[in-house]
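Q: There's a structure below that I have some questions on.
No lab work stands behind these numbers, since they all come straight from the coordinates. Not measured: the values here are computed from a predicted model. Don't worry about glycine lacking a Cβ; one is built from the backbone with ideal geometry, like all the others, and counts go over all protein chains shown.
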Amino acid sequence: MADMIKPDTPEDTVEAVRSAIDAKSSLLIQGNGTKAGWGHPAKNGTILNLSGLSGVTLYEPEELVLSAAAGTPMAEIENLLDENNQHLAFEPPDFGRLYGHDPGAATLAGVIACNLSGPRRFQAGAARDHFLGFDAVNGRGEMFKSGGRVVKNVTGFDLSKLMAGSFGTLGVMTSITVKVMPAGEKTRTVLVLGLDNQKAMAVMMEALNSPHDINGAAHLPAETAAKSQVSYVSDAGAAVTAFRLQGPAPSVAARCGSLRTLLAGAGKIEELHFHNSKTLWTEIRDVAALLDREDAPIWRLSVPPSRGADVTGQLEGDFYFDWGGGLIWLAGDAGRAEHIRSVVKECGGHGILMRAADDVRSKIPVFHPQDPAVANLSRRLKQNFDPHNIFNPGRMIADED
């Protein structure tokens with residue numbers, strides 16, 4: 001069991017980093033550890049647990065801005081936003097169950113550091129697009145900050161874009177500011193039953209190119225749909241293609257009616273209202289309920305939507321499509337990583353191994369291999385922010401010393 005440091009203040013965090021530099025030791029940065037199984041297995045080092053840095057420090061609903069300490073649980077933030085009919089538009093997933101933890105324990109810094117985004121990604125953007133600013137400690141033991149409380153044009157580098165998706169390898173964030181948005185008054189989901197994968201891709205493209213403002217589009221093959229807790233989906237006995245619409249009640253009702261008319265010739269149509277819609281899209285967002293084999297390696301494949309059916313036709317395992325066909329969640333053999341990535345690369349996509357046993361993740365690249373120019377830039381950024389290589393060494397690149 002690794003030693004652990006749990007700072008209570010940003011100043012404590014600075015001291016922990018400086019002590020690690022002096023001792024020439026590594027820091028394994030985490031909040032509640034809900035995503036420790038994502039990335040290459042941790043190397044030896046001291047856990048820097050940020051869960052003691054917790055609490056919302058600023059929330060101005062009328063200004064659509066929220067600031068919180070890095071270790072603030074997402075459940076606390078989401079409950080506060082719910083009370084004010086607001087939400088995080090990028091719809092961050094909760095991967096607790098995917099990695100064998102209880103849901104609800106993910107932290108704000110973990111979501112931002114992994115750049116997590118849910119089904120609304122194709123409409124609202126990624127987490128980095130809603131990340132306004134942060135305070136952090138770099139690998140020299142220095143406090144630094146970037147951004148602020150508003151979205152505006154500024155000179156200099158937008159460091160928020162670098163920190164989002166860096167998996168704690170560039171710095172230790174202690175405080176984060178994000179943009180929040182009004183939540184939709186009503187939610188409905190239109191279901192089309194019985195489409196094969198190729199037809200589903202075409203129907204999703206047609207629907208997303210319509211004027212009906214769809215913010216969720218997913219396709220579940222019959223075997224995957226059968227695992228849903230929504231009876232309309234699990235009892236369909238067929239593949240299910242789902243389209244989510246949100247907004248003011250009259251608008252949602254009108255758009256649902258128009259969408260049903262548009263899709264009437266594609267197959268049997270059903271409709272889910274609020275609670276069933278929420279359950280289904282949470283399942284799609286969080287993955288574990290639909291790809292429920294606990295021992296199965298899980299892949300996240302990003303592909304051009306028009307090629308999604310071609311890709312899955314060359315792979316083995318259970319799967320489903322999100323982001324209008326642009327994202328494939330696959331429970332497939334990690335031992336066939338080279339084949340999986342070859343298939344995805346052929347169509348211009350990339351693949352990430354989201355979950356696998358430690359011995360598997362220690363042998364193959366977890367993240368899609370970078371081309372030489374990008375890899376060189378990544379090394380230079382790491383050297384600039386963390387010259388002693390103490391932050392999560394090897395998390396993203398297995399042979400990183």
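Q: Based only on Cα atoms, what mean projected area does the convex hull of segment 186-286 have, in nm²?
A: Here the figure is 5.5 nm², rounded to one decimal.
Q: Among 101, 40, which comes first, then next, by fewest other beta-carbon atoms within 10 Å?
A: 101, 40
Q: Could you compute the net charge surrounding residue 51? Neighbours are other residues with a C-beta less than 15 Å from the C-beta of residue 51; K and R count +1, D and E count -1. List each step's numbers first, then the result.
A: On the way: positive: 6, 35; negative: 8, 12, 76, 102.
So the surrounding residues net to -2.
Q: Taking just the C-alpha trace of segment 298-361, give me its Rg and Dmax in Å.
A: Calculated on Cα positions, Rg and Dmax stand at 10.8, 35 Å.
Q: I've got another one for you. Apply the Karplus curve 6.51 cos²θ - 1.76 cosθ + 1.60, θ = phi - 60°, to the phi angles in segment 353-368 and return the couplings in whole Hz, x for Gly and Pro.
A: Those phi angles translate into 7, 7, 8, 6, 4, 4, 5, 6, 5, 7, 9, 10, x, 7, 8, 4 Hz.
Q: How high is the relative contact order of segment 186-286, in percent, counting Cα pairs under 8 Å that sit 6 or more residues apart? It would help to have the intermediate numbers written out before the result.
A: Details: 167 pairs, mean separation 45.5, N = 101.
Reported as a whole number, the value is 45 percent.
Q: Let me ask something else. Which distance in nm do the two modelled labels at residue 254 and residue 185 give, with both placed 7 Å along the Cα-to-Cβ direction?
A: Taking the two extended label points, one gets 1.2 nm.
Q: Can you tell me how much longer the chain between residue 275 and residue 79 gets when fully stretched, taken as 0.36 nm per residue apart minus their C-alpha distance, in nm with one decimal?
A: Values: separation 196, 0.36 × 196 = 70.56 nm, distance 1.69 nm.
Extra length available between residue 275 and residue 79 comes to 68.9 nm.
Q: Residue by residue through segment 96-101, what is 3J(HN,Hα) from phi via Karplus (6.51 cos²θ - 1.76 cosθ + 1.60, θ = phi - 60°)? Round to whole Hz and write x for glycine and proline.
A: x, 5, 4, 10, x, 10
Q: Oh, and also: Could you tell me which residue out of 323, 229, 284 lies farthest along the dipole of the chain toward its positive end? Charges go on the beta carbon: Lys and Arg +1, Asp and Glu -1, centred on the Cα centre.
A: Of the candidates, 323 comes out farthest on the positive side.
Q: What distance in nm lies between label points placed 7 Å from Cα along the C-beta direction at residue 381 and residue 140?
A: 1.9 nm
Q: Counting Lys and Arg as +1 and Asp and Glu as -1, what is the net charge of the other residues whose Cβ lies under 13 Å from the Cβ of residue 28? All intermediate terms of the calculation are to be shown ahead of the outcome.
A: On the way: positive: 6, 35, 43, 395; negative: 3.
The answer is +3.
Q: In addition: With n ≥ 4 as the cut-off for DSSP H runs, can you work out [θ] at 222 nm for the chain, using -39500 (n - 2.57) per run divided by the number of residues, rounded to the nearest 500? Kindly include the intermediate steps, with their values, before the conclusion.
A: Values: 14 runs with 120 residues, N = 401.
The helix contribution divided over the chain gives -8500 deg cm²/dmol.
Q: Can you compute the modelled spin-label distance between residue 196 and residue 371, with each label point 7 Å from Cα toward Cβ, in nm?
A: Here the answer is 3.5 nm between the modelled labels.
Q: Per residue of segment 74-80, in order, report the coupling 6.51 cos²θ - 1.76 cosθ + 1.60 (Karplus, θ = phi - 60°) as ³J(HN,Hα) in whole Hz, putting x for Gly and Pro.
A: For segment 74-80, the Karplus curve yields 4, 4, 5, 5, 5, 5, 5 Hz.
Q: Just the C-alpha atoms of segment 272-324: what Rg/Rh do they give, with Rh taken as the Kirkwood radius? Please list the in-between numbers first.
A: Numbers: Rg = 12.8 Å, Rh = 12.7 Å.
In segment 272-324, Rg relative to Rh is 1.01.
Q: Classify segment 28-187: rounded, prolate or oblate, from the alpha-carbon gyration tensor (a ≥ b ≥ c, eigenvalue square roots; a/c under 1.5 rounded; otherwise prolate if a/b is larger than b/c)?
A: In terms of gyration-tensor shape, oblate.
Q: Right, another one. Residue 268: which lysines have alpha carbons under 26 Å from its alpha carbon, excluding same-chain residues fewer than 8 sequence positions away?
A: Residue 268 reaches 186, 199, 227, 278.
Q: If you don't mind, there's one more thing I want to ask. First measure r as the distance between the Cβ atoms of residue 235 and residue 364, then evaluate 1/(1 + (r/R0)^6) with R0 = 35 Å and state the FRET efficiency to the nearest 0.05. Working shown, then result.
A: On the way: r = 39 Å, r/R0 = 1.11.
Once the sixth-power term is evaluated, E becomes 0.35.
Q: For the chain, what does the convex hull of the Cα positions come to per residue, in cubic angstrom? Display every interim value, and only then the final one.
A: Values: hull volume 54.8 nm³, N = 401.
Considering the Cα atoms of the chain, their hull volume per residue is 137 Å³.
Q: Given +1 on the Cβ of Lys and Arg, -1 on the Cβ of Asp and Glu, and no further charges, what dipole in debye does the chain carry about its Cα centre, rounded to the nearest 20?
A: Values: 38 positive and 47 negative charges, 170 e Å.
Dipole about the Cα centre, nearest 20: 820 debye.
Q: Looking at the square roots a ≥ b ≥ c of the eigenvalues of the Cα gyration tensor of segment 1-65, which shape do they give, rounded for a/c under 1.5, prolate if a/b is larger than b/c, or oblate? Can you show the working numbers first?
A: Numbers: a/c = 2.89, a/b = 1.63, b/c = 1.77.
In terms of gyration-tensor shape, oblate.
Q: What number comes out for the charge environment of residue 270, summing +1 per Lys or Arg and -1 per Asp or Glu over other residues with Cβ under 13 Å away?
A: On the way: positive: 188, 260, 268; negative: 235, 271.
Local net charge: +1.
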